[in-house]
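Take a look at the structure set out below.
The values are calculated or read from the model by the stated rules, or taken from the named source; none is laboratory data. Keep in mind that what you see is a predicted model, and the values were worked out from it rather than measured. All Cβ positions, even for glycine, are placed from backbone atoms using ideal geometry, and neighbour counts span all protein chains on display. Ligands, DNA and RNA are excluded from the accessible area calculation, which covers all protein heavy atoms including side chains. Shrake-Rupley method; radii C 1.70, N 1.55, O 1.52, S 1.80 Å.
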Amino acid sequence: MRQYEPDRPTPVELAAVRRSLRSGRAAMTRRSLMGGALAVGGVGALSACGIPAAGKSQGGVSADDYSEQEKVVNFSNWPEYIDVDDSGKHRPTLDAFRKRTGISVKYTEDINDNDEFFGKIQPQLAAGQDTGRDLIVLTDWLAARMIRLGYVQKLDASNLPHAFANLSEQFRRPDWDPGRAYSYPWQGISTVVAFNKKALDGVEVKSVSDLLDNPALKGRVGLLTEMRDTVGMTMLDMGLDPAKFTDDDYDAVIARLQKAVDKGQIRRFTGNDYTSDLSKGDLAACVAWGGDIVQLQADNPDVAYIIPDSGYMTSTDNMLIPNKARHKTNAERLIDYYYEPGPAAELAAYINYVSPVADVGPYLAKIDKSAADNPLILPDKATQAKSHAFRSLSSKEETAYQQKFAKLTGA
C-alpha cells in the first residue's frame, strides 16, 4: 500500500477537491470558478511524486526585500473577490493605493481552489524558492497548514498599525494563528440557515434540528458539501463546540446526519448550486453561505435566513506572505491599507462578505446603507458573539473526517 506523506493530499482529500470544483464554495458566486480545466489539471499535479517534504514546522523564510527599489506587489486572489468599476477594467481601491503610495499592484485571479493552488506553489516553497507572489489569499484551514509547514513569513507589526488596531474582535484569535502573527483576514464567511418563505407555507424553521427532523420538510432540505460547515452547524445544534470536539463527538454528528439521510429528509448535499433551488422553492430550507443570501434577497423577497440560537459557523479567507517574497514590506502596506475603514467599506459594499474591520459601519453606510445594516455583511456584537470557528485538524484527522463525510454524502 502506498504511504502518503504528511500534508500531501490523500485520495479522499482529492475527491473533496473535485467536489469543491464542481459545486463547492469555489464554484460559483463572486468567487466563481473561471478555469475549470486548469483547476482539474492542478488536482492531478497534487498527487505527483517528487515534491520535497517540508523542512520546517513553523516560521517562514525571508529574502532580500526589494520593496524600496521596486514599487510593486504581486497579489494572487480568487476570481471576482475585489471591487471593480463599471467598465470592469479598473479596481478602485487598488488604484487609490497606487496613487497614494506609488506602489503598483499586479493583481492576478489565479486561485480557483485552495488545494489546487497549494499543489501549484508547494514544490517551490518546499524547495526554498520564490513563488513570484508577495501576497496570497487562502481559506483558514489551508492558511493553518501553510503556517504549520513554515511556508509563510511572520508579519512585521510596525507596518500594520491599522490592521492591528482595527481587526474585529471576532477574528483576532484563531487557534491556528494566535495573535495573527502570520495572517490577516481578507473577508469573513458566515454559514447560516436559509429558507424560502413561500415554500415553507407556514412551517417554522428556527434551528438545524428543524431541517433534520421536521417531517413537513422531508425531501426539501439541502446541506452543504463543505464538511466544516455542515458538520459545524450540526455540532452547534447538538450542544457541541466545533473548536474543541473529539473523535466521538464527530462520529455522533455523522450518525445524526446519516439518520436524516436514511429517512429521506435531505434532498441533496450541494455547493453554491443550492441558490437556484432555494430561490425557486425546490429547496424549502438549507444550510447556506451568507454572501449568497445577501445576493439572493436583492432579487427574491421570499428568501430569508435565521441565525439559530445555538450559533453559526464562521470561517475566513486570509492574506499571507509566502516565503522568499521579494516585496514583503510593500505587501504589508497593502494589507494595512485594507484595514483602513474607507477602503474596507468600498470592498465590503461590492463583494458582500463579512468585513473583518471594526468600526467600518459609518463608512459603509455612506456607500450603501442597506449593506451597513445587514448582519451578514457587518455583524453587530450580539451576532459576533454567536459565531464559532471549526478547530484546526491534524493531517490524520483531516483524512479520517473527510472519509466519513464523503461516505455520508455519497461522494
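With a/c under 1.5 counting as rounded, go ahead and sort the range 228-330 into rounded, prolate or oblate using the C-alpha gyration tensor (a ≥ b ≥ c being the square roots of the eigenvalues; past the cut-off, prolate if a/b is larger than b/c, else oblate).
Note, shape of the range 228-330 comes out oblate.
Can you send over the solvent-accessible area of residue 370, 1.4 Å probe, protein chains only, in Å² to the nearest 10?
Its heavy atoms expose roughly 80 Å² to the probe.
In a shell of Cβ-Cβ distance under 12 Å around residue 124, excluding residue 124 itself, what net charge do Lys and Arg (+1) and Asp and Glu (-1) give?
Net charge in that neighbourhood comes out at +2.
How high is the relative contact order of the range 142-202, given as a whole-number percent (alpha carbon pairs under 8 Å, six or more residues apart)?
33 percent
Compute the Cα gyration tensor for the range 314-353, then decide on rounded, prolate or oblate, letting a ≥ b ≥ c be the square roots of its eigenvalues: rounded whenever a/c is under 1.5, prolate when a/b is larger than b/c in the other cases, and oblate in all that remain.
Note, shape of the range 314-353 comes out oblate.
When Lys and Arg each count +1 and Asp and Glu each count -1, what net charge do the other residues less than 12 Å away from residue 164, Cβ to Cβ, add up to?
-1
Excluding residue 85 itself, calculate the net charge of residues whose Cβ lies under 12 Å from the Cβ of residue 85, where each Lys or Arg counts +1 and each Asp or Glu counts -1.
With Lys, Arg at +1 and Asp, Glu at -1, the neighbours total -2.
Below 8 Å, C-alpha to C-alpha, sequence gap of six or more: please give me the relative contact order for the range 335-411 in percent.
Value for the range 335-411: 21 percent.
Could you compute how much accessible surface residue 388 exposes when probed at 1.4 Å, giving the result in Å² to the nearest 10?
For residue 388, solvent-accessible area is about 60 Å².
When the solvent-accessible surface of protein heavy atoms is calculated with a 1.4 angstrom probe, in what order do 204, 398, 346 fall, highest first?
Descending accessible area places them as 204, 346, 398.
Highest first, please rank the peptides 140-146, 294-300 by the mean number of other Cβ atoms sitting within 10 Å of their residues.
With the highest mean Cβ count within 10 Å placed first, the list reads 140-146, 294-300.
What accessible area, in Å² to the nearest ten, does a 1.4 Å probe give for residue 280?
Only protein atoms counted, so the area is about 130 Å².
Before anything else, pin down the relative contact order of the range 156-282: Cα pairs under 8 Å, at least 6 apart, normalised by residue count, whole percent.
It rounds to 27 percent for the range 156-282.
Roughly how many whole Å is it from the C-alpha centroid of the range 86-143 to that of the range 296-319?
The range 86-143 and the range 296-319 have Cα centres spaced 27 Å from each other.
Which sequence of 133, 91 reflects their accessible areas, 1.4 Å probe, from the largest down?
91, 133
Top to bottom by accessible area (1.4 Å), largest first, where do 267, 180 land?
So, going from the largest accessible area down, we get 267, 180.
If you line up the Cα atoms of the range 263-320 on their principal axes, what length do they span on each, largest first, in Å?
Between the extreme Cα coordinates on each principal axis of the range 263-320 lie 40, 32, 24 Å.
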